[in-house]
Amino acid sequence: MHTRNAILPDAQQIHALIKNYSHDGTLLPRSLPELYENVRDFIVVEDEGRIIGCGALHLYGPHLTEVRSIAVSPDYKGKGAGRILIDALLEAAEVQHVKCVCLFTRIPDFFALFGFRVATREDMPDKIYKDCVNCPRLHACDEVAMVRGELPKMAVLGASNIQLPIIDVKMIQKQMNKKTARA
């Protein structure tokens, strides 16, 4: 297994991987035209010439980037593809000199292994303005916001006046600590 930057012909395989996880709301669906337009944001994991994983690094500016659209083929879950993908995306963020990397997930324990910590969605107004406002789960979000690095002190997409439910970050951190203590 190895990672590489995605190229235009990879878009259809990336689309298929994301589609595996978007039907149930795990990932936001991405259209094929959208993937063609943004294929340069993606890193893929390849094994024997087959794309088995993908993820994107969406840049908001030097203050914030988002790891998004993380998908690994079900056949390769638990075999290290996700780990090498996240490592490659974090390396790409370092190359860009971004101060904070964020993501939204339902598996915070996995991302905590990479130094991500729980945050609030309100800490990342650019993300809210760009994606969350269009999400059908805006007011019933069950994803955990996580960050690695310095929280942004600015927003480039404008201030958001969207009212979001407050998430109890301390409760989530306690749950994660309990799981870590048991492991």
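The values are calculated or read from the model by the stated rules, or taken from the named source; none is laboratory data. For clarity, every value in this text was computed on a predicted model and none was experimentally measured. Please note: Cβ atoms are built from the backbone with ideal geometry, for glycine as well, and neighbour counts cover all protein chains shown. To get the accessible areas, we keep the full protein, side chains included, count just its heavy atoms, and leave off ligands, DNA and RNA. Shrake-Rupley method; radii C 1.70, N 1.55, O 1.52, S 1.80 Å.
Only aspartates and glutamates eight or more places from K77 in sequence, or on another chain, were considered; those with a Cα closer than 17 Å are E46, D47, E48, D87, D109. The value of relative contact order for the range 1-55, using C-alpha pairs under 8 Å at least six residues apart, is 48 percent. Ligands, DNA and RNA are left out, and with a 1.4 angstrom probe the accessible area of the range 1-115 is 50 Å² per residue.
Here the range 1-120 exposes an accessible surface that is 54 percent carbon and sulfur, computed with a 1.4 Å probe and the other protein chains kept in place.
Scaled against the 2.2 N^0.38 Å expected of a compact globular protein of N residues, the Cα radius of gyration of the range 42-127 reads 1.10. Each peptide among 108-118, 35-45 gets the average number of other Cβ atoms lying within 10 Å of its residues, and from highest to lowest they stand as 35-45, 108-118.
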